[in-house]
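Since every read-out is calculated from the coordinates, none of them should be taken as a lab result. The structure presented is a predicted model; accordingly, all values stated were derived computationally and were not measured. With ideal geometry, Cβ positions are generated from the backbone for all residues, glycine too; neighbour counts draw on all protein chains shown.
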Amino acid sequence: MHPFYKILILALIVYLAELNILPQLSPSFKCKDPKISKKFTGDTVTATNLLIVTYFGPLILIPLIEVLRQNSFKKINSGAVKTLYKNYLVGSLFVILLTELLKRIVNEARPHFLHTCKPDTNELCQPGTLISDYICTNLQLSTSSAKDLMRSFPSGHTSLSTFGGFYCAYIVHTRLSKIRGSLARLFLIAVCVSWSVGCSMSRIVDKKHHWWDVLAGATLGTCCVFYTLRLLNKNKLLDSAAPSSKAQGTCCDDPRALHPHGKPFLRYDAKVYGREMIAGPGGRLLVTGKPEYFNQVLASLAVSLGTLTAGLGKGYSSPAIASLQECDADAFPVSRQEASWLASLSILGAFFGALLGCAAVRWGRRRTLLLTGIPLSVSWLIIAFAVSVEVMCFAAFISGFLIAIVQLAAQVYVSEIAAPSIRGGLSGMLKVAGHAGVLVAYAAGAFLDWRQLAWLIAVAPAMMCVAMWKVPESPGFLVLRGRDDEAEKALRSVTSSHRVLLRTLMTPGLIACGLMFFQRFSGANAFYFYVVTVFKETFGGTNPHSAAVAVAVVQFLSSLLSGLLVDSVGRLPLLVASSVLMSLALASFGSFAYYEDAHHKNVPNLDWIPLLCVLVFTVAFSLGISPISWLLVTELFSLEHRGLGTALATAFSHLCSFIGVKTFVDFKELLGLHGAFWLYAAISVCGLCFVVCCVPETKGRDLTEIDTER
């Protein structure tokens with residue numbers, strides 16, 4: 001169907017909804033609901049400003065893109081400008097019509113509804129009662145304004161600004177592909193994305209929309225962007241503007257097809273790596289010459305700032321929740337269920353972020369880290385300025401989404417630049433940085449409140465962007481991008497079979513996901529996300545914050561030791577020892593908690609027992625299953641499938657972590673604290689059996705050798 005007819009149909013549906021002909025939810029609200037009792041502070045971005053930027057901004061930006069692309073005012077492709085703007089108009093109309101349709105069908109009250117409407121029944125009703133028959137007593141409200149108070153879902157500003165910003169950012173990315181690395185190109189992309197994020201966040205700050213309205217609007221706008229880009233792909237406009245096949249790569253590319261005659265592709269970069277990089281059998285990078293480790297270590301240190309941010313985020317929830325529950329003047333009340341959502345939503349976001357991790361392969365590992373750094377800082381600034389737990393949950397979800405992409409890109413990057421002799425150590429460096437982040441978060445949380453701690457965490461991603469600016473791109477990614485048109489066509493015909501892909505991913509994928517499952521359900525989530533709360537329930541006199549800092553210190557030192565041992569002792573011995581010690585520590589902690597529950601008291605002179613159990617568990621977890629699981633993920637997958645395989649394993653890991661963090665409170669209420677830790681101990685025993693029976697030893701083996709024996 002032609003887009004014009006689709007627009008007419010949507011317009012007709014909106015008109016019928018306005019006439020109340022279509023079925024819709026009747027306008028209703030809960031009596032004295034605090035979520036709709038906010039005070040409206042005015043529009044930061046008015047509707048007029050939104051429409052001006054939405055429709056006149058691209059009218060200036062698209063011709064500017066063509067000027068930069070051709071480097072001339074005289075060679076502007078007027079046909080491309082018209083097509084790009086025409087499809088933009090079509091997409092924006094879809095956004096407006098879909099948004100208005102949902103607003104009229106759902107009829108959700110805005111956050112400032114009670115303050116602005118002043119309904120006549122709100123003062124006499126019982127709190128929580130659903131009211132559908134009411135009259136606004138505010139005489140200054142017009143009929144249309146009163147109706148607008150019940151049209152909060154979804155956010156129209158967010159859907160339209162998200163569509164406009166992401167559409168323009170993608171057009172800049174594709175049309176200016178020939179000038180990659182240009183500051184003008186990066187600046188234009190940053191402006192487009194910043195407009196979308198800023199306009200969306202203003203709706204929450206202005207008390208005009210709930211956070212879920214903004215999230216729904218962003219989702220709607222993003223879907224319409226994909227639809228509009230589909231229209232552009234039909235007329236081949238983006239195909240002609242996109243990089244040639246010589247400059248493109250996919251998650252499933254095979255470097256054996258880099259040359260049309262089957263010859264290996266040779267790349268030498270003495271300045272960066274000091275050795276020759278050759279695509280050998282199985283798509284592995286064969287290295288000749290004496291490697292120089294110094295530059296690899298420097299690059300890994302720069303990348304590890306990303307995992308440092310992830311560790312800071314992991315360690316944030318425990319002191320932050322404790323700070324929020326103290327209910328000081330600068331905080332707001334947080335229930336136990338809200339606290340569990342706040343702790344776990346970042347991991348749910350990480351699940352979705354890991355699913356999009358294949359972009360790290362298509363766009364480049366370094367570019368992915370650069371593009372996610374600033375938005376990650378912004379998400380933590382949103383947490384620092386949050387005025388409700390809903391805003392914090394929304395920002396936590398976004399930060400988790402971005403952190404997953406950073407972790408994936410960092411892990412793949414380090415595995416591809418490192419020589420086999422130090423690959424385990426450099427991979428362990430990422431875990432060391434992550435545990436250092438947890439240590440810093442716990443230590444700072446003892447002195448800073450939750451807002452100040454969020455400010456501190458927001459600095460780390462910005463530092464990563466600065467450090468990554470001069471770091472070179474991964475050689476594996478560069479090899480995958482260096483083929484011609486004929487080789488790409490032959491490659492697509494070979495790798496188009498999903499059966500071949502699944503067969504290649506099956507064994508390493510099952511091993512990787514198994515390791516991630518037992519790592520995430522081993523009880524680590526309970527300790528790291530709720531350590532202060534757990535210590536408060538088991539300690540009689542010891543300061544739980546001091547104990548949490550001690551745990552983080554031991555975790556940091558253990559991760560350092562793991563980096564030294566993993567290449568000398570081996571992966572399997574450390575995994576086995578880790579699983580055994582974790583099982584014993586969890587079972588002992590559960591037994592102590594059972595003893596205290598049975599006697600209904602805390603025993604101050606026995607505080608050393610749970611602390612010792614947690615410290616033993618931390619040492620075992622940080623020495624074995626925590627760093628080695630991530631190392632094996634990148635070692636087990638071949639180069640041509642490493643991006644996709646690592647993305648799926650990372651997504652599965654974060655999904656398990658989300659479930660583990662969210663269900664800890666439920667397990668504790670259902671089984672008691674002792675029952676929850678006994679359950680984690682049983683899972684660790686099963687993990688020990690899995691390691692002994694299924695996990696291969698990769699110590700000292702080249703990636704090519706591992707791939708050949710698969």
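Results, tabulated for the structure shown:
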quantity: For GLU537, GLU635, order by how many other beta-carbon atoms lie within 10 Å, fewest first; calculated: GLU537, GLU635
quantity: For THR129, distant residues with modelled amide H under 5 Å away; calculated: CYS31
quantity: Environment charge at SER653 (Cβ cut-off 14 Å; Lys +1, Arg +1, Asp -1, Glu -1); calculated: +3
quantity: Segment 555-669 shape via C-alpha gyration tensor axes, a/c threshold 1.5; calculated: oblate
quantity: Neighbour-count ranking [beta-carbon atoms within 10 angstrom, fewest first] of LEU308, LEU371, LEU679; calculated: LEU679, LEU371, LEU308
quantity: Cross-link pairs beyond the 23 Å C-alpha cut-off, checked among LYS207/LYS314; LYS178/LYS470; LYS38/LYS662; LYS86/LYS208; LYS35/LYS668; calculated: LYS207/LYS314; LYS38/LYS662; LYS86/LYS208; LYS35/LYS668
quantity: Positive minus negative residues near ALA302 (Lys, Arg vs Asp, Glu; Cβ under 10 Å); calculated: +2
quantity: Burial order of peptide ranges 157-168, 88-99 (average beta-carbon count within 10 Å, highest first); calculated: 157-168, 88-99
quantity: Protection-proxy order for peptides 567-575, 659-667, each taking the mean of Cβ atoms within 10 Å per residue, highest first; calculated: 659-667, 567-575
quantity: Per-pair calculated FRET efficiency, R0 = 56 Å: MET463 and PHE56 via Cβ, rounded to 0.05; calculated: 0.95
quantity: Extension gain, SER78 back to SER132 (0.36 nm per residue minus Cα-Cα distance, nm); calculated: 14.0 nm
quantity: Exposure proxy order (Cβ contacts within 10 Å, fewest to most) of CYS613, CYS465; calculated: CYS465, CYS613
